[in-house]
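A short write-up of the structure that comes next.
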Amino acid sequence: MIEQLDSSVGNVVVVRATGKLTEADYKVFTPVLESAIQEHGSIRVLFVLHDFHGWDLGGFWQDIKFDAKHAKDVDRFAIVGDKKWFEWMGKLCNTFTHTQAKTFHSDQLAEAEAWVKEGAAV
């Protein structure tokens, strides 16, 4: 499941992802991100992983489609989690997009939020 958290403000969207993400999750949540992009021109995303188990095939495809369509619309992307494998997501983001991406351990949520909001239109 993907849900927007109350700490979202201005062009900063804070999201919690739990379980395994599906196509249905993206069908519900993609419009939220696209609305923020339309309103602010570009966004910053803080993606908090909690009991996260990755994506099913449909969810992974929706994630790729969103990333391809909005690669220039996301200025910063922070990932907070407690598993080592999520670090590759930040490296891929830095390599293939214009987005600044950084990973943080689950006990560094405050640091991640400060990094995402640094210089943001909040």
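The values are calculated or read from the model by the stated rules, or taken from the named source; none is laboratory data. Predicted, not measured: the structure shown is a model, and the values here were computed from it. Positions of Cβ are generated from backbone atoms using ideal geometry, with glycine treated the same way; all protein chains shown enter the neighbour counts.
Taking the condition closer than 17 Å to PHE104 by Cβ and in contact with a strand residue (DSSP E or B) (Cβ under 9 Å, 6 or more places away or on another chain), does ALA78 pass? Judged against the criteria, ALA78 is a match.
Helices (runs of 4 or more DSSP H) fully within segment 35-122 that include at least 2 residues being modelled with pLDDT under 90 and in contact with a Ser or Thr (Cβ under 6 Å, 6 or more places away or on another chain): 87-96.
The set of residues in segment 98-117 being touching a helix residue (DSSP H, G or I) at 6+ places or on another chain (Cβ under 8 Å) and either under 14 Å from VAL14 (Cβ atoms) or not hydroxyl-bearing (Ser, Thr, Tyr) (or both) consists of GLN100, ALA101, LYS102, PHE104. Taken over segment 1-28, residues that are farther than 15 Å from GLY59 by Cα, of a type in the set (Val, Ile, Thr) and surrounded by fewer than 21 Cβ atoms within 10 Å (Cβ to Cβ) amount to 2.
If I ask for residues that are touching a helix residue (DSSP H, G or I) at 6+ places or on another chain (Cβ under 6 Å), closer than 21 Å to GLU111 by Cβ and in a loop (DSSP other than H, G, I, E, B), which ones from segment 1-34 would you list? Matches in segment 1-34: ASN11 only.
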